[in-house]
Amino acid sequence: MARINGSQVLAQSIKALGIGRIFTVRAPGLDELVEVLEQESGAQVFFAHDEVAATLMADGFARRSRKAAAVLTGAWGRALAQVAGVTNAWADRVPLIAISLCPDVGPDNNRGWNRADFDQGAVFAPVVSWRGRVSLPEQIPKALAKAVMASRAGRMGPAHLDICPGALKASADEKVLAFLLPPADPDAVIEPARIPADSTSLNQAIALIKNAKKPLIFAGGGVKASAASQALIALAGDFGIPVATSMSGIGAIPSDSPFCIGAPSYTAGETFHAAIREADVVLAVGAAFSGLEGFGLPPIWGAYIAFIHVDNDPLVFGVNVSPQVCVFGDVRTVLEQLYQAFSKSGFSAPAAWKAWHEYLMRLKKGRKKRLDDFAKKNWAKPHQGRLALAVGRFMIEQDAIMVIDGGNTPLYAASYAPGLAPDQAFFPFGMAALGGGVPYAVGVALAARGRRVMLVTGDGSFLYAVQELETIRRLNLPVTIFVNNDSAWNMIKAMQDSFFECRYVGTCIPETDYAKIAKGFGIPAMRVTKAAQMDKALEFAAGQSGPVLVDCVTDCKNLPDSLLSFTLVEFEGSLTQLDPKKVLKSLWMNRSMGLARSRHMADYVRKAILGINPRQKRGL
């Protein structure tokens, strides 16, 4: 048989394994390999401007399409640039294939320390389902096949393969590819393993739920990874169980569903706080209980909750919360098993469940009215809530997919968003929660096949990957970017305002016209400085067939009220060490916030954090 070089072996392996999209960069050491991949792999190759963005694009494509995708980078720092995106894929169980070049010779710790001489594959170990290293072309097919299989087995997640450059230049007999034939379909949808729960744990969970007085389903990102939204909606709706979602679970159930308590996590305000404080049984499905949800622990969560934890990763059981029942299995399969068990027994929601549900829905209705009224006040600059409401209308009119970047912006976007389908909302989590929005929007748009993608981002986070506007323009992607331009890293600045006497360190961004920047990349753009201009901006954006940007100037004095809850959790240990005199002085210095803003935040403290909602409890 003929001999082929390692680059060709890799290309043919990629083709045989059905990896249909590769995201990479133009960089020294990659050019020859990329040229071979473009010619022989059968995959579409997309170029980003840096390795971080390439990885995030690959993750965005894979999570939206549920199809195979890979990221390819060089060695050392170029390889480590993948870590943020790979960690995101690990957190949300995306079967991403991460490939990087590595030194031909492994590190030798006996020769002393060298910052460029380290085991780069070991860096990925905590956040991948498998990792490997190949130094010979003959090793490439089996190693890549192992990576693909590991990324889809049990708890899905990324796999990482290091390839020595020498393996790409050396030759091998093409028979090394024989076991990979015939080629897999690059457009095949990747399905998780449908592992059912064992009867013992399932029956224990059923008994606990049936005996509950105030049950609650807590849905995490694992619901979306398992494509379990319909099963979740059926169980909640037919048996009357309220549902709350984590931030990564946004869209697992539409927020306007009659059994969803509202926006994800703290952005649901008093409804979320009341639900997790007063529930006696919580069915947690595909949830990790991160800091964005208070870790599932008191004082945010009730001290006497009986948790049922459903997951296909046994390593998450007992992390933060101590479940009374652990149910190992695929989320969708277990939810369907629960539904069948309740149906066969003729179970119907008792009166206590109905009263509990109605109470939470009254809180949900009151919060929505309060938020809408506050955002629509006659502010000097457009309120971020007004921008979020406009974005929601645009989503509905355009049937758009939403990508949310980090910071305060997702708190506004989640609080005001309309009901979202499970594949309609993407909030990057893990280690790229800030600044990943632009490259994620590229990946999602490539997967959405012409459907409009809408990115909601802050000004600071937008600047992380502003260079990828060229990628969006080059590919002519239908991406609409809304920039919340408050000239600040406002989540951090709020802490400096509130606790450190308005001493600003690195949190003020010079006033910038992002519409002009977008136009410089050849993207149509419009700048909004008044609320009255919002409708015109939406009309302008809707009239574009390709990319478009709307730069909305907002006031950094505005803060999302749910930020108070995040602050209590994230800074719990440090708040007790603050100087009370400095805090009081900080509050006095911030009196320019105005009475309306102060009352709005005070209402959140009273209703959400302190739980004082007498009218809703009495049903008034």
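One residue is enough: does region 151-160 have a residue meeting the conditions over 27 Å from the mean Cα position of the chain (by Cα) and under 26 Å from PRO95 (Cα atoms)? First the steps, then the outcome.
Pass one, region 151-160, residues over 27 Å from the mean Cα position of the chain (by Cα): none.
Checked against the condition, which is being over 27 Å from the mean Cα position of the chain (by Cα) and under 26 Å from PRO95 (Cα atoms), region 151-160 yields no hits at all.
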* Structure fact -> Given (1) crowded, with 24+ Cβ neighbours inside 10 Å; (2) touching a strand residue (DSSP E or B) at 6+ places or on another chain (Cβ under 6 Å); (3) of a type in the set (Gly, Ala, Ser), ALA417 misses just (2)
* Answer residue from region 331-354, given it is assigned to a helix (DSSP H, G or I) and among the small types (Gly, Ala, Ser) and is least open to solvent (accessible area, probe 1.4 Å) among those -> ALA341
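For a quick check of your reading: which helices (runs of 4 or more DSSP H) sit entirely within region 217-297 and have at least 2 residues that are under 25 Å from VAL94 (Cα atoms) and open to solvent by 10 Å² or more (accessible area, probe 1.4 Å)?
On the way: elements: 221-225, 229-239, 270-278.
Once the helices (runs of 4 or more DSSP H) in region 217-297 are filtered for at least 2 residues that are under 25 Å from VAL94 (Cα atoms) and open to solvent by 10 Å² or more (accessible area, probe 1.4 Å), what remains is 221-225, 229-239.
Which of the strands (runs of 3 or more DSSP E) contained wholly in region 1-78 include at least 3 residues that are among the aliphatic types (A, V, I, L, M), touching a helix residue (DSSP H, G or I) at 6+ places or on another chain (Cβ under 9 Å) and open to solvent by less than 50 Å² (accessible area, probe 1.4 Å)? I'd like the intermediate steps shown before the answer.
Details: elements: 3-5, 21-25, 44-48, 69-73.
Those strands (runs of 3 or more DSSP E) span 69-73.
Could you grab me the full set of residues in region 590-620 that are modelled with pLDDT under 80 and surrounded by 13 or more Cβ atoms within 10 Å (Cβ to Cβ)? Write out each step before concluding.
So the first thing to find is which residues in region 590-620 are modelled with pLDDT under 80, and the list is 590-594, 614-620.
Those that are modelled with pLDDT under 80 and surrounded by 13 or more Cβ atoms within 10 Å (Cβ to Cβ): ASN590, MET593, GLN616, LYS617.
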* Asked: PHE521: modelled with pLDDT of 95 or more and in contact with a Lys or Arg (Cβ under 6 Å, 6 or more places away or on another chain), yes or no?
  -> yes
* Structure fact -> Residue hits (region 166-185; open to solvent by 50 Å² or more (accessible area, probe 1.4 Å) and under 26 Å from LYS67 (Cβ atoms)) are ALA178, PHE179, LEU181, PRO182, PRO183, ASP185
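Would it be correct to say that LEU297 is of a type in the set (A, V, I, L, M, F, W, C) and farther than 30 Å from MET601 by Cα? Write out each step before concluding.
Numbers: of a type in the set (A, V, I, L, M, F, W, C): yes; farther than 30 Å from MET601 by Cα: no.
Here the answer is no, as LEU297 does not meet what is asked.
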* To do: Go through (1) under 33 Å from the mean Cα position of the chain (by Cα); (2) under 30 Å from ARG3 (Cα atoms); (3) in a helix (DSSP H, G or I) and name the single condition ASP187 misses.
  => (3)
* Kindly check whether there is at least one residue in region 385-402 that is in a loop (DSSP other than H, G, I, E, B), more than 21 Å from LEU595 (Cα to Cα) and free of Cβ contacts under 8 Å to residues at least 60 places away in the same chain. => yes
* So which residues in region 488-505 are among the polar types (S, T, N, Q) and either assigned to a loop (DSSP other than H, G, I, E, B) or open to solvent by 30 Å² or more (accessible area, probe 1.4 Å) (or both), if there are any at all? -> SER498
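The values are calculated or read from the model by the stated rules, or taken from the named source; none is laboratory data. For clarity, every value in this text was computed on a predicted model and none was experimentally measured. We place every Cβ from the backbone using ideal geometry, glycine too, and count neighbours over all the protein chains shown. These accessible areas exclude ligands, DNA and RNA; they are computed on the full protein's heavy atoms, side chains included. Shrake-Rupley method; radii C 1.70, N 1.55, O 1.52, S 1.80 Å.
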